[in-house]
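Student: Just passing along the structure, written as structure tokens.
The values are calculated or read from the model by the stated rules, or taken from the named source; none is laboratory data. As the structure is a prediction and not an experimental result, all values here were calculated from the model. Here the Cβ positions follow ideal geometry from the backbone for every residue, glycine too, while neighbour counts run over all protein chains shown.
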Amino acid sequence: MPDPAAAAPRWALHPDRALPADPVTRPVARQILDATRNLPIVSMHGHVDAGVLARDERFDDPASLLVVPDHYLVRMLVSQGVPHDALGLPRRDGGAVQSDPREIWRAFASHWHLFRGTPTRFWMEHVLVEVLGVTERLSAATADAAYDTIAERLAEPGFRPLALLDRFGIEIIATTDPASADLADHADLAARGWGERIVPTFRPDAVLHVDRPGWVDDVALLGDRAGVAIGSYRDFLRALEARRWAFVDAGARATDHGHVLADTTPMAETDAAAVFASALRGDVDPAAARAFSAHMLFEMARMSTQDGLVMQLHPGALRDHDPHVMAMLGHDVGYDIPVATEYVHALRPLLSAFGHHPNLRLVLFTLDEDTFSRELAPLAGVYPAVRLGAPWWFLDSPDGMRRFREAVTDTAGFANTTGFVDDTRAFLSIPARHDLSRRVDAGFLARLVVEHRLDLDEALETAVDLAYGLPRAAYARQTTTPDHPHPPGA
Amino acid sequence: MPDPAAAAPRWALHPDRALPADPVTRPVARQILDATRNLPIVSMHGHVDAGVLARDERFDDPASLLVVPDHYLVRMLVSQGVPHDALGLPRRDGGAVQSDPREIWRAFASHWHLFRGTPTRFWMEHVLVEVLGVTERLSAATADAAYDTIAERLAEPGFRPLALLDRFGIEIIATTDPASADLADHADLAARGWGERIVPTFRPDAVLHVDRPGWVDDVALLGDRAGVAIGSYRDFLRALEARRWAFVDAGARATDHGHVLADTTPMAETDAAAVFASALRGDVDPAAARAFSAHMLFEMARMSTQDGLVMQLHPGALRDHDPHVMAMLGHDVGYDIPVATEYVHALRPLLSAFGHHPNLRLVLFTLDEDTFSRELAPLAGVYPAVRLGAPWWFLDSPDGMRRFREAVTDTAGFANTTGFVDDTRAFLSIPARHDLSRRVDAGFLARLVVEHRLDLDEALETAVDLAYGLPRAAYARQTTTPDHPHPPGA
Amino acid sequence: MPDPAAAAPRWALHPDRALPADPVTRPVARQILDATRNLPIVSMHGHVDAGVLARDERFDDPASLLVVPDHYLVRMLVSQGVPHDALGLPRRDGGAVQSDPREIWRAFASHWHLFRGTPTRFWMEHVLVEVLGVTERLSAATADAAYDTIAERLAEPGFRPLALLDRFGIEIIATTDPASADLADHADLAARGWGERIVPTFRPDAVLHVDRPGWVDDVALLGDRAGVAIGSYRDFLRALEARRWAFVDAGARATDHGHVLADTTPMAETDAAAVFASALRGDVDPAAARAFSAHMLFEMARMSTQDGLVMQLHPGALRDHDPHVMAMLGHDVGYDIPVATEYVHALRPLLSAFGHHPNLRLVLFTLDEDTFSRELAPLAGVYPAVRLGAPWWFLDSPDGMRRFREAVTDTAGFANTTGFVDDTRAFLSIPARHDLSRRVDAGFLARLVVEHRLDLDEALETAVDLAYGLPRAAYARQTTTPDHPHPPGA
């Protein structure tokens, strides 16, 4: 058998990839894409570690950069029988796992065919070809050559994290940080002049769900950071407010909330205080914990009306579906599964209270595309506070993004969406994700143009909005109050 | 900066708008559209006020005709920060709101870009260009000129309501009228020869939901109209039956029912009577009220088997999502939000009892497109009584209508749908809505033809059915009984 | 009026039917289809009667072969007012129904237009034109000629059931057989050399739902077949295990489970035993019955880890929606309606226990396409045991299959699907269904190619996988144990 790699043409990205193919629409889509392809990247929600940016060290190796931490990739390999251990996922019991990055890379490369038709394929092709200069399509046969090419590239100074921000044209990137984060990396970056470009995001999940293991310790840590000895629910609110202002001072634009339910029903303050006190004593009732989480979403919105932080809500993921995998490997290894999510009743308390407040911006995400036309677009299409985030996670694909535009534009238009939000921990794939989004939006807008539902000048302007203007505007802090007031609760 | 309006080409509607763009499908779609574009309009469900038609006065001004009452339009402007007051929506507290129609029009025109990609854009473009002769694309710069053009047009005799019926080619239009309507406007119109062309629709919602504010008074009014002193549940049924026959005599073809749930579970008569009696005394339990509403849907179907009125069911809108807006502005200002809707269990009692009855025609609508393929098409594809109405409200768009055909045709075919039903209170947009529907259906049928799934002669015949034959047939009164029997309950 | 049949061109199937029409995509789709059109048919889930194959007699007549047993067809005719009696559906009360097959055929043929745009139209056209040689489009006018052509064909030896397996290129076909089946027909077929080509499927529904009428008798019959006197829950498990091994010995690859819910929550053994004992005494609580059904799904998975039978789950059909029709005509006459189905919580017990077991293969089907992207693809995209079956029943159509690929490929890829599974009792339509599936997949893959999301060589390889390789692999018995061990429970 001849070496297939030898015969293969040089691996390259087609300039028209992910654009509609019909000969009437494609040239229009290309023209629209031309208006956005070189715009800066606004990356307002992601999971790149602030420490990685602050330390600015070279990345270790291809596997630990591209394979091990990417749960999209890990889950697909596992689904086809590749053991977690072979992919080098660290075990919580310290058991031996594959530690040779080249072997891990081979396990991935030899299963490249599994990713056909998936967004991982699209992103990774961009990363390998465009960012890293790999020249042969990935396979068992070409795995080692690709590994060597990547390793070489990662050794170059131009591939350190901060240099990549420039290479990628990232104008601003937001990290995600727990409420008790010390923000030292951000302070460090700010001191070096990166403060406007790398900003934190306030994510208080750990302290809002009183039934999470370790909650008592997390609350204590929150108090330490805030300089508040938390003995009561009032102290707790005061500490949260203080921390939010600390994040504002560190450049934060937004908060982020991961709840299974979108419920925002407030509790009476005495009831909330009782649940909190009880939880501090270690006594947690599941129903009370759920009610408290919902209540705290309402409180977060209230605080946003004071400090202007944009509120992002990411509901509907049932985390850690397999408890054995969770026990062995921990969170974020591919076992979070979407569930049906209800927004209309759930958000009614929050929106009735703050849906017209000039300082609230609520960005809604979903894993349940049934809610696109039924719930999300109708809510965003009337409440001034609401914007729809980009298709999230399992929906962040060419067809998922197309279905999103087709389903929400009727009722929400374009202006009630945030434009693209990438939400990734795969740093090198950020340009690929924005590129794909610009292509899909170009294709959608082109269809409107060739169906004479939109004029070309409007489509061009809208494309720029979606790629750049809307994310910048959506994640501006929404406040008429001065930038550094005394925290209201202090 | 040059005046953009000055440079702009004359505003015009493209003849191929909303047709598929690919060069194989478009000519076939055009050919199919040619078969329907000039067919009369059958408008069997809408919210044009019978009084407007009976008085036949000239419309006041562009804003009060096109902006203030259009909740699609109002909600989009509000979602982007335009206050309700600036749009002239009357406040229930009598507080001052914008009263200059030109200012209201400017608020709309200057936000024209918000409607890109929405059906409002499509409809309004048709209204402005085709019906009213506006010649420049709407914007802040062109607002006044458009206003003047429209105002001039509205002053012409040919733009009075009844003249528009002719101009629009409306063969028949149904209004929506409460169960206690005196139908005087319809009597008046009938006396002037319009009785076959303008017909009422029986909408008893106000008296079927015993927990609605004002229910006791509404029941009393119903009794007055029916000539029945309503002291019991039996009287109530008798009054409803009498009113339905009065509507039949006034030309009605159909009833219409807006319930949050599609539930049709009947109650024992004694239980229903007890809930009714209790409610008359002002004592209403929410669960009992819901059960009574469901029971009354069942009763409405039973009555339809006697008087042959087509029964329309519009479930799944949570009305008045924001209670503060409701308190300030009342109903129908854009705050009705769809919720997930269940049909299979909910309709089982009704369909088991009457689903094969030759006198029942049940037309189902939905705001939850998840039910298209899962529930609605399977029900319509087996029960002779059931027809699927057109995509409703938030789904009445190019992509919404396409998804409807793609999802329901497999199992329901075309003949189990009603063809197009416009459901609008925006009188001037009726032709635009039918035009759009004919375009989308032409595109869908053309795709079947070019994919060799349907012959062209079949597609042409089906297009005519969808535009004209099916709505005429679906809304024919379904009865083998004589036209004016004694009301069964009398 | 001229005879339309006389003027009509010869009825023929277009070679490009169901392929995308745009001029860029179609040639690529055609090229991909060329790679699969002549592959053998792997038909691993269907409802062809083993007795029909074993007896190998000629089919009676066109109506009893093609109309009476086809519930897709019957339901559409009924929905437009054709009475069941006119279609010859046997009544349980023995009442007279149409018994002249030619009259039944005419009722169908004269309503041919109802099937426009439906998959029944597509399949039936293939059956009539390609398999049976009908030359004029079906209508009232051509009904008799078509009837005669078909009747003539059915009289030929080449149209007996086993000959058709060759004509159709069916490499293997699975029947569906109750747990208590004697498998005599399969033994007979095996003795004649058909054992590798015609295999049974173990379907224990009748004995897993303790609230089904006749359950006690069915359990007794199960015991008889298994040679186990079933007096307890333990006996019951032992009998099921024995029967499963009997099916394995008869060549079975799979089990099949039709439950309304996908729930797999196990019970404590003592609780299960108590429900079973109570049910044997005729004392059945509905909630306990539901819990027992869920528990038994869990047990079936456990048994699959021992005997390696592939487990198929078909949830979400509410059977016999109209109880009067059920009383008059029995099951499977078109009144099964899909309901919303939840998989994520429901399957968690089963998948936590066995989702990574090397001997479990769980094939999931759905009637609720909302679950495609939200639940099914995420589950199949991580658990090694899970595969997604093909779009089922109401979704087994050109657009349904396209939506399936568009929704699941992002997260599940191709390899986590089974490829095509036809699931039909309409024997003559099997080639049509596989042909359609290959066309739709060719169109989907071609779109990926022309959008430069997949290389052509990959698309060609994937098309062959979907048509042939994946169904063969998915339905291989998953076991590392020897083929004929002692049943574990014996």
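Student: Is it the case that segment C:117-139 has a residue that's among the charged types (D, E, K, R), farther than 28 Å from B:V382 by Cα and away from every other protein chain (no Cβ under 14 Å)?
Tutor: no
Student: Would you please list the contacts, defined by Cβ atoms under 7 Å and residues six or more apart or on different chains, that run from a residue in segment B:307-336 that is in contact (Cβ under 8 Å) with a residue 12 or more places away in the chain to a residue that is among the basic types (K, R) and not in a loop (DSSP other than H, G, I, E, B)?
Tutor: Pairs found: B:D307/B:R244; B:L309/B:R244; B:H321/A:R348; B:G334/B:R75.
Student: Residue under question is B:D93, and the condition is that it be more than 24 Å from the chain's Cα centre (by Cα), assigned to a loop (DSSP other than H, G, I, E, B), not aliphatic (A, V, I, L, M) and not assigned by TED's automatic domain parsing to the domain that holds B:L395; does it hold?
Tutor: Values: more than 24 Å from the chain's Cα centre (by Cα): yes; assigned to a loop (DSSP other than H, G, I, E, B): yes; not aliphatic (A, V, I, L, M): yes; not assigned by TED's automatic domain parsing to the domain that holds B:L395: yes.
Spelling it out, B:D93 is indeed more than 24 Å from the chain's Cα centre (by Cα), assigned to a loop (DSSP other than H, G, I, E, B), not aliphatic (A, V, I, L, M) and not assigned by TED's automatic domain parsing to the domain that holds B:L395.
Student: Yes or no: C:R212 farther than 19 Å from C:T175 by Cα and under 25 Å from the mean Cα position of the chain (by Cα)? So that I can check it myself, show each step before the final result.
Tutor: Details: farther than 19 Å from C:T175 by Cα: yes; under 25 Å from the mean Cα position of the chain (by Cα): yes.
Yes, satisfied.
Student: Can you find, within segment B:397-416, the residue that is surrounded by the most Cβ atoms within 10 Å (Cβ to Cβ) among those that are of a type outside the set (D, E, K, R) and more than 14 Å from chain A (Cβ to nearest Cβ)? Explain how you work it out, then say what you get.
Tutor: As a first pass, look at segment B:397-416 and keep what is of a type outside the set (D, E, K, R): B:397-398, B:400-401, B:404, B:407-409, B:411-416.
From what is left, the residues that are more than 14 Å from chain A (Cβ to nearest Cβ) are B:408-409, B:411-416.
Numbers: B:V408: 25, B:T409: 25, B:T411: 30, B:A412: 28, B:G413: 24, B:F414: 25, B:A415: 24, B:N416: 26.
Restricting to residues being of a type outside the set (D, E, K, R) and more than 14 Å from chain A (Cβ to nearest Cβ), the top hit is B:T411.
Student: Right, something else. What number of residues within segment B:313-340 satisfy the criterion of being at the interface with chain A (Cβ under 9 Å from one of its Cβ atoms) and under 30 Å from C:I337 (Cβ atoms)?
Tutor: Count: 7.
Student: I've got another one for you. Of (1) touching an Asp or Glu at 6+ places or on another chain (Cβ under 7 Å); (2) within 18 Å of B:R212 (Cα to Cα), B:V248 satisfies all except one. Which?
Tutor: Going through the list (1) touching an Asp or Glu at 6+ places or on another chain (Cβ under 7 Å); (2) within 18 Å of B:R212 (Cα to Cα), B:V248 breaks only (2).
Student: Next up: Among the listed residues A:L347, A:L309, identify the single one that is buried (at least 21 other Cβ atoms within 10 Å of the Cβ) and away from every other protein chain (no Cβ under 11 Å).
Tutor: So the residue among A:L347, A:L309 that is buried (at least 21 other Cβ atoms within 10 Å of the Cβ) and away from every other protein chain (no Cβ under 11 Å) is A:L309.
Student: Confirm whether A:A377 is small (G, A, S) and over 23 Å from C:L376 (Cα atoms).
Tutor: Working: small (G, A, S): yes; over 23 Å from C:L376 (Cα atoms): yes.
So A:A377 passes the test.
Student: Which condition breaks for B:F394 when tested against (1) part of a helix (DSSP H, G or I); (2) over 30 Å from B:P161 (Cβ atoms); (3) within 14 Å of chain A (Cβ to nearest Cβ)?
Tutor: Only one criterion in (1) part of a helix (DSSP H, G or I); (2) over 30 Å from B:P161 (Cβ atoms); (3) within 14 Å of chain A (Cβ to nearest Cβ) is unmet by B:F394, namely (2).
Student: Another one. With A:L77, A:L65 as the choices, which residue is in contact with a helix residue (DSSP H, G or I) (Cβ under 8 Å, 6 or more places away or on another chain), within 13 Å of chain C (Cβ to nearest Cβ), assigned to a helix (DSSP H, G or I) and within 21 Å of A:A140 (Cβ to Cβ)? Write out each step before concluding.
Tutor: Values: A:L65 fails: within 13 Å of chain C (Cβ to nearest Cβ).
Answer to the selection: A:L77.
Student: Related question: Can you confirm whether segment B:102-124 contains a residue that is over 16 Å from A:E458 (Cα atoms), in contact (Cβ under 8 Å) with a residue 60 or more places away in the chain and among the hydrophobic types (A, V, I, L, M, F, W, C)?
Tutor: yes
Student: If you take the residues in segment B:102-151 that are among the hydrophobic types (A, V, I, L, M, F, W, C) and assigned to a loop (DSSP other than H, G, I, E, B), which one is surrounded by the most Cβ atoms within 10 Å (Cβ to Cβ)? Steps first, answer last, please.
Tutor: Filtering segment B:102-151 for residues among the hydrophobic types (A, V, I, L, M, F, W, C) gives B:104-105, B:107-109, B:112, B:114-115, B:122-124, B:127-129, B:131-132, B:134, B:138, B:140-141, B:143, B:145-146, B:150-151.
From the residues that got through so far, the ones that are assigned to a loop (DSSP other than H, G, I, E, B) too are B:132, B:134, B:138, B:140-141.
On the way: B:L132: 20, B:V134: 23, B:L138: 25, B:A140: 14, B:A141: 16.
Per the criteria, the residue is B:L138.
Student: Which residues, taken from segment C:438-460, are without any contact (Cβ under 8 Å) to a residue 60 or more places away in the chain, assigned to a helix (DSSP H, G or I) and within 8 Å of chain A (Cβ to nearest Cβ)?
Tutor: C:L448, C:E458
Student: Out of segment B:49-62, which residues are surrounded by 22 or more Cβ atoms within 10 Å (Cβ to Cβ) and out of contact with any Asp or Glu (no Cβ under 8 Å at 6 or more places or on another chain)?
Tutor: Selection gives B:P62 alone.
Student: When you go through A:E461, A:E451 one by one, which is the residue that is acidic (D, E), closer than 15 Å to B:D399 by Cβ and in contact with a helix residue (DSSP H, G or I) (Cβ under 9 Å, 6 or more places away or on another chain)?
Tutor: Values: A:E461 fails: closer than 15 Å to B:D399 by Cβ.
Only one candidate qualifies: A:E451.
Student: Right, something else. Does segment C:372-389 contain at least one residue that is more than 22 Å from A:F115 (Cβ to Cβ), within 12 Å of another protein chain (Cβ to nearest Cβ) and out of contact with any Gly (no Cβ under 7 Å at 6 or more places or on another chain)?
Tutor: First, the residues of segment C:372-389 that are more than 22 Å from A:F115 (Cβ to Cβ): none.
Scanning segment C:372-389, I find no residue that is more than 22 Å from A:F115 (Cβ to Cβ), within 12 Å of another protein chain (Cβ to nearest Cβ) and out of contact with any Gly (no Cβ under 7 Å at 6 or more places or on another chain), so the answer is no.
Student: Away from every other protein chain (no Cβ under 13 Å), outside any loop (DSSP other than H, G, I, E, B) and at pLDDT 95 or above: does that describe C:S99?
Tutor: No.
Student: Now for a separate question. Does at least one position in segment C:274-292 carry a residue that is part of a loop (DSSP other than H, G, I, E, B), at positive phi and within 26 Å of the chain's Cα centre (by Cα)? Write out each step before concluding.
Tutor: So the first thing to find is which residues in segment C:274-292 are part of a loop (DSSP other than H, G, I, E, B), and the list is C:281-285.
Add one more test, that the residue is at positive phi, and what stays is C:282.
Filter once more, so that each one left must be within 26 Å of the chain's Cα centre (by Cα): none.
Looking through segment C:274-292, none of the residues is part of a loop (DSSP other than H, G, I, E, B), at positive phi and within 26 Å of the chain's Cα centre (by Cα).
Student: Which of the residues spanning segment B:191-206 are surrounded by 18 or more Cβ atoms within 10 Å (Cβ to Cβ) and farther than 17 Å from B:H47 by Cα?
Tutor: Selection gives B:W194 alone.
Here is a yes/no grid of residues against (1) within 14 Å of chain C (Cβ to nearest Cβ); (2) loosely packed, with under 15 Cβ neighbours inside 10 Å; (3) within 28 Å of A:P161 (Cα to Cα):
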{"site": "A:L19", "(1), (2), (3)": "yes, no, no"}
{"site": "A:G46", "(1), (2), (3)": "no, no, yes"}
{"site": "A:H84", "(1), (2), (3)": "yes, no, yes"}
{"site": "A:L87", "(1), (2), (3)": "yes, no, yes"}
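Student: Another question, then. Let me confirm something: among B:P488, B:P431, which residue is modelled with pLDDT under 95 and outside the structural domain of B:Y72 (by TED's automatic domain parsing)? Let's see the steps before the verdict.
Tutor: Details: B:P431 fails: modelled with pLDDT under 95.
Within the list B:P488, B:P431, the selection yields B:P488.
Student: If you check B:D435, B:D410, which single one turns out to be more than 14 Å from the chain's Cα centre (by Cα), in a helix (DSSP H, G or I) and in contact (Cβ under 8 Å) with a residue 40 or more places away in the chain? It would help to see each step written out before you state the result.
Tutor: Details: B:D410 fails: in contact (Cβ under 8 Å) with a residue 40 or more places away in the chain.
Checking each option against the conditions leaves just B:D435.
Student: Could you say which residue among A:F298, A:F236 is buried (at least 22 other Cβ atoms within 10 Å of the Cβ), in contact (Cβ under 8 Å) with a residue 24 or more places away in the chain and not in a loop (DSSP other than H, G, I, E, B)? Please lay out each step first, then the result.
Tutor: Numbers: A:F298 fails: buried (at least 22 other Cβ atoms within 10 Å of the Cβ).
Exactly one residue qualifies, and that residue is A:F236.
Student: Those residues that are touching a helix residue (DSSP H, G or I) at 6+ places or on another chain (Cβ under 8 Å), within 22 Å of B:R281 (Cβ to Cβ) and assigned to a loop (DSSP other than H, G, I, E, B), I need them from segment B:200-217; list them, please.
Tutor: Correct list: B:P204, B:H209, B:V210, B:D211, B:R212, B:G214.
Student: OK, next. Among (1) within 14 Å of chain B (Cβ to nearest Cβ); (2) on the phi > 0 side of the Ramachandran plot, there is one condition A:A473 misses while meeting the rest; what is its number?
Tutor: (2)
Student: Specify the residue that is nearest to the other protein chains (Cβ to nearest Cβ); the eligible residues are those in segment B:361-371 that are out of contact with any Lys or Arg (no Cβ under 8 Å at 6 or more places or on another chain) and touching a residue at least 40 places away in the same chain (Cβ under 8 Å).
Tutor: Kept after step one, since they are out of contact with any Lys or Arg (no Cβ under 8 Å at 6 or more places or on another chain), are these residues of segment B:361-371: B:365-366, B:371.
Cutting the leftovers down to touching a residue at least 40 places away in the same chain (Cβ under 8 Å) gives us B:365-366.
Values: B:F365: 14, B:T366: 9 Å.
Out of the qualifying residues, it is B:T366.
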